[in-house]
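Student: Here it is, the structure in full.
The values are calculated or read from the model by the stated rules, or taken from the named source; none is laboratory data. Note that the coordinates shown come from a computational prediction; the quantities given were computed from them, not determined experimentally. Note: ideal-geometry Cβ built from the backbone for every residue, glycine included; neighbour counts use all protein chains shown.
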Amino acid sequence: MKIKMILPALTEAKSPYWRPIKYSLFPPLGLATLAAYCSPDDEIDLQDEHVEELNISDSPDLVVIQVYITNAYRSYALADHYRKKGAYVCLGGLHVSSLPDEAEPHADSIFIGPGEDVFPQFLKDFRRKEPRKVYVNVKRDIGDIPPIRRDLIKRNRYLVPNSIVVSRGCPHHCDFCYKDAFFEGGKSFYTQQVEAALKEIDRLPGRHLYFLDDHLLGNYRFASALFEGMKGMNRVFQGASTIDAILRGDLIERAADAGLRSVFVGFETLSSSNLAQSNKKQNLGKNYEEAISRLHSLGIMINGSFVFGLDDDDKDVFKKTVNWGVNNGLTTSTYHILTPYPGTRLFQRMKDEQRILHYNWDLYDTRNVVFKTKGLSANELKRGYDWAYRSFYSWSNIWKASWQHDQFKHVIKHFSYAGGWKKFEPLWNFIIKTKGLNKMLPLLEVILSKVDESKNQSGRPSPFPAIA
Ligand code: SF4
């Protein structure tokens, strides 16, 4: 059977104003995971429109499309195209799970929730010529998933080909997050077996890994066993955690010992009223600065994530947030305009309060204001958001944030990582065009490598970090 799997481009990824490198980071792991359930005789073509032109003149028997909110219209157009050609089309993903009624007219089958349980069942039904219209995942088990079909991934098109996910979901319930909508009707946080996760890591070449789990430190027992198993594997890795998990117990030290060198942290807001409104309990009353200094003492760089436009925000929020990030030595910051995604509690609340301005999903990209704001105007919110990015990534602020670290070696690492990521767009574009992104991996590995504290005991600044 000929199977086509497609990750259509997010609308913003095709905009001339946005950075191609941002959309060339991670391969479509979800589709490659589903591909593992197909038969070895199946001919699978996996295409990611972020990194290649789609070939839509082909004639597959089965088409599987992954739908996010800002690629929904593109997904539906592709689905309609392939159905006209006689292919059987399946749609799944976050947006389909949130709005199944919207997706259904464009598909022969839709998948609601995570695909691991429903896709093998669908394949059985499809081969028997008895597929159902709707498949809902309730089992929630990734204990025995087959190895991901990484052979279908065009590694040279991605900066981070070694991305990996060893859990699903997250133990928390923030109002603005898609997670609860996606996992409705069953468990919303579960992990792989540790052994299986270690084997998957072992199959990946090189040293660098990027864990795309929503919360890598979310299950103490699983995470500590994983980090124990990773010791001695000589890996460097990046992942995401919440503030409370960083502050609690010794898990973050175990992660650092296993090779954690950079962590994505959802600080979201500096206002406790905003945190309470968003049901972000895991951040409430936590000492952000204490978490930051703990991470810095372990040599872990921080990518802080922040949301603007929560009801307690006013015109000063942008300056306050940027200055706080710079003064606390965050290596990178990701800013978002609050976006009420369908299916979330935030969406329902905004709808009840008649604050949703429109339902043009293309603009639900966290860069546009799609709801009636409080405390600041929509215009102020948009302009403040744009300013925050410009300001945080100005050379002067990159330099200032770099100098927040005690060790000169960390200063250099910070400066190289933040400057390299944000300030060399033409170079990134050239590397993307020449399809050599994965050749940058050794450089990333060097920047993320552990600083050997024993090599510069004099305390005098040395021009380069000593890499272990
Ligand atoms: S902690 Fe993150 S992943 Fe978990 S519910 Fe909140 S926003 Fe979503």
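Student: What about LEU209, is it assigned to a loop (DSSP other than H, G, I, E, B) and in the same structural domain as PHE264 (by TED's automatic domain parsing)?
Tutor: In short, no.
Student: Looking at LYS315, LYS372, LYS351, which is the one that is of a type in the set (D, E, K, R), in contact with an Asp or Glu (Cβ under 9 Å, 6 or more places away or on another chain) and free of Cβ contacts under 8 Å to residues at least 24 places away in the same chain? Can you show your working first?
Tutor: Values: LYS315 fails: free of Cβ contacts under 8 Å to residues at least 24 places away in the same chain; LYS351 fails: in contact with an Asp or Glu (Cβ under 9 Å, 6 or more places away or on another chain).
Sole residue among the options that is of a type in the set (D, E, K, R), in contact with an Asp or Glu (Cβ under 9 Å, 6 or more places away or on another chain) and free of Cβ contacts under 8 Å to residues at least 24 places away in the same chain: LYS372.
Student: Now for a different question. Can you tell me how many residues in the range 167-184 are in contact with a Lys or Arg (Cβ under 6 Å, 6 or more places away or on another chain) and farther than 14 Å from ASP213 by Cβ?
Tutor: 2
Student: Let me ask something else. So, in the range 112-144, how many residues would count as being closer than 17 Å to ALA32 by Cβ and under 21 Å from the mean Cα position of the chain (by Cα)?
Tutor: 4
Student: GLY143: touching a residue at least 40 places away in the same chain (Cβ under 8 Å), assigned by TED's automatic domain parsing to the domain that holds MET301 and away from the ligand (no atom under 16 Å from the Cβ), yes or no?
Tutor: no
Student: Within the range 294-309, how many residues are touching an Asp or Glu at 6+ places or on another chain (Cβ under 8 Å), crowded, with 22+ Cβ neighbours inside 10 Å and either among the aliphatic types (A, V, I, L, M) or part of a loop (DSSP other than H, G, I, E, B) (or both)?
Tutor: 1
Student: Give me a count of the residues in the range 164-203 that are in a loop (DSSP other than H, G, I, E, B) and either touching an Asp or Glu at 6+ places or on another chain (Cβ under 9 Å) or of a type in the set (Val, Ile, Thr) (or both).
Tutor: 12
Student: So which of ALA245, ALA240 ends up being within 16 Å of the ligand (Cβ to nearest atom), crowded, with 16+ Cβ neighbours inside 10 Å, modelled with pLDDT of 95 or more and assigned to a helix (DSSP H, G or I)?
Tutor: So the residue among ALA245, ALA240 that is within 16 Å of the ligand (Cβ to nearest atom), crowded, with 16+ Cβ neighbours inside 10 Å, modelled with pLDDT of 95 or more and assigned to a helix (DSSP H, G or I) is ALA245.
Student: State all residues of the range 6-45 that are under 12 Å from ARG149 (Cα atoms) and within 20 Å of the chain's Cα centre (by Cα); if no residue qualifies, say none. Please lay out each step first, then the result.
Tutor: Residues of the range 6-45 under 12 Å from ARG149 (Cα atoms): 27-40, 44-45.
Result: PRO27, PRO28, LEU29, GLY30, LEU31, ALA32, THR33, LEU34.
Student: Related question: If TRP395 meets every condition in (1) exposed (fewer than 14 other Cβ atoms within 10 Å of the Cβ); (2) under 24 Å from the mean Cα position of the chain (by Cα); (3) within 17 Å of SER333 (Cα to Cα) apart from one, which number is that one?
Tutor: (2)
Student: Out of LYS2, LYS14, report the one residue that is surrounded by 14 or more Cβ atoms within 10 Å (Cβ to Cβ) and in contact with a Ser or Thr (Cβ under 8 Å, 6 or more places away or on another chain).
Tutor: Matching residue, one of LYS2, LYS14: LYS2.
Student: For LYS124, work out the one condition from (1) in a helix (DSSP H, G or I); (2) surrounded by 19 or more Cβ atoms within 10 Å (Cβ to Cβ) it doesn't fulfil.
Tutor: With respect to (1) in a helix (DSSP H, G or I); (2) surrounded by 19 or more Cβ atoms within 10 Å (Cβ to Cβ), LYS124 is out only on (2).
Student: Here's something else I'd like to know. Take the residues in the range 146-163 that are in contact (Cβ under 8 Å) with a residue 24 or more places away in the chain and not in a loop (DSSP other than H, G, I, E, B); name whichever of them is farthest from the ligand (Cβ to nearest atom). Spell out how you get there, then give the answer.
Tutor: We begin by selecting, within the range 146-163, every residue in contact (Cβ under 8 Å) with a residue 24 or more places away in the chain; these are 146-150, 152-163.
Pick out the ones that are also not in a loop (DSSP other than H, G, I, E, B) and you get 150, 152, 155-157, 163.
Numbers: ARG150: 25, LEU152: 27, ARG155: 27, ASN156: 30, ARG157: 27, SER163: 17 Å.
If we take residues in the range 146-163 being in contact (Cβ under 8 Å) with a residue 24 or more places away in the chain and not in a loop (DSSP other than H, G, I, E, B), then ASN156 is farthest from the ligand (Cβ to nearest atom).
Student: When the residues of the range 406-430 are filtered to those that are crowded, with 18+ Cβ neighbours inside 10 Å and hydrophobic (A, V, I, L, M, F, W, C), which remaining residue is modelled with the lowest pLDDT?
Tutor: Looking at residues that are crowded, with 18+ Cβ neighbours inside 10 Å and hydrophobic (A, V, I, L, M, F, W, C), I get TRP428.
Student: Condition check: away from the ligand (no atom under 16 Å from the Cβ), over 19 Å from the mean Cα position of the chain (by Cα) and touching a residue at least 60 places away in the same chain (Cβ under 8 Å). Does LEU198 satisfy that? Spell out how you get there, then give the answer.
Tutor: Numbers: away from the ligand (no atom under 16 Å from the Cβ): yes; over 19 Å from the mean Cα position of the chain (by Cα): yes; touching a residue at least 60 places away in the same chain (Cβ under 8 Å): no.
Here the answer is no, as LEU198 does not meet what is asked.
Student: Can you confirm whether PRO60 is outside any helix (DSSP H, G or I) and over 21 Å from the mean Cα position of the chain (by Cα)?
Tutor: Yes, satisfied.
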